[in-house]
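Chemist: Can you keep this structure in mind? I'll have questions shortly.
The values are calculated or read from the model by the stated rules, or taken from the named source; none is laboratory data. Source: prediction; values computed, not measured. Counting neighbours? That spans all protein chains shown, and the Cβs are built from the backbone with ideal geometry, glycine included. Heads up: the accessible areas ignore ligands, DNA and RNA and are worked out on the full protein's heavy atoms, side chains in. Shrake-Rupley method; radii C 1.70, N 1.55, O 1.52, S 1.80 Å.
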Amino acid sequence: MEKRDYIKIRISITRKQHWKRICKEKNITLTNLITASVENRILEDERKKILEFIEKQDNIFIKIETNINQIARIANAQKFISSKELNYFQSQLKAITELKEKQNEIFQKSTP
């Protein structure tokens, strides 16, 4: 999208300096900072951190899903599951549900 228009706003010098400092720390433009704030979007540097978090989280999902599959195999083979194994199974399901919910919240914040 070609940017051909501009908005002129009045702010104090100290506020402008503060905003520029934020931009420098996040390695973004002042336009991106303001646009993301107004449109309630996450900033590009935050988006990168989120993607890194999700990649790490995927590894956790794989481990938990493997544990769940192992417990299911034991239950199917024995036609019985001990209360200890059932509690562990339920804790694994709860953990994966919480992680998925957190991931979904992050995705909702990151979509324009």
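Chemist: Is there any pair with a first residue in segment 81-94 that is under 15 Å from Ile62 (Cα atoms) and a second that is assigned to a helix (DSSP H, G or I) and of a type outside the set (A, V, I, L, M, F, W, C) whose Cβ atoms are under 7 Å apart and which are 6 or more apart or on different chains, and what are they?
Modeler: Gln92/Asn67
Chemist: Quick one: count up the residues across segment 47-70 that are touching a residue at least 24 places away in the same chain (Cβ under 8 Å) and not basic (Lys, Arg).
Modeler: Of the residues in that region, 10 qualify.
Chemist: Applying the selection to segment 50-75, what residues are over 30 Å from Gln108 (Cα atoms) and either surrounded by fewer than 10 Cβ atoms within 10 Å (Cβ to Cβ) or of a type in the set (Lys, Arg) (or both)?
Modeler: Of everything in segment 50-75, just one residue is over 30 Å from Gln108 (Cα atoms) and either surrounded by fewer than 10 Cβ atoms within 10 Å (Cβ to Cβ) or of a type in the set (Lys, Arg) (or both), namely Arg73.
Chemist: Can you find a residue in segment 7-15 that is under 27 Å from the mean Cα position of the chain (by Cα) and not small (Gly, Ala, Ser)? Steps first, answer last, please.
Modeler: Filtering segment 7-15 down to residues under 27 Å from the mean Cα position of the chain (by Cα) leaves none.
Checked segment 7-15: no residue is under 27 Å from the mean Cα position of the chain (by Cα) and not small (Gly, Ala, Ser).
Chemist: Would you check if there is a residue in segment 70-82 being closer than 30 Å to Glu25 by Cα, part of a helix (DSSP H, G or I), not β-branched (Val, Ile, Thr) and not assigned by the TED database to the domain that holds Ile9?
Modeler: no
Chemist: Taking the condition of being open to solvent by less than 100 Å² (accessible area, probe 1.4 Å) and of a type outside the set (A, V, I, L, M), how many residues in segment 18-38 meet it?
Modeler: So in segment 18-38, the residues open to solvent by less than 100 Å² (accessible area, probe 1.4 Å) come out as 18-19, 22-23, 26, 28-37.
Okay, now just the ones that are also of a type outside the set (A, V, I, L, M), so 18-19, 23, 26, 29, 31-32, 35, 37.
Of the residues in segment 18-38, 9 are open to solvent by less than 100 Å² (accessible area, probe 1.4 Å) and of a type outside the set (A, V, I, L, M).
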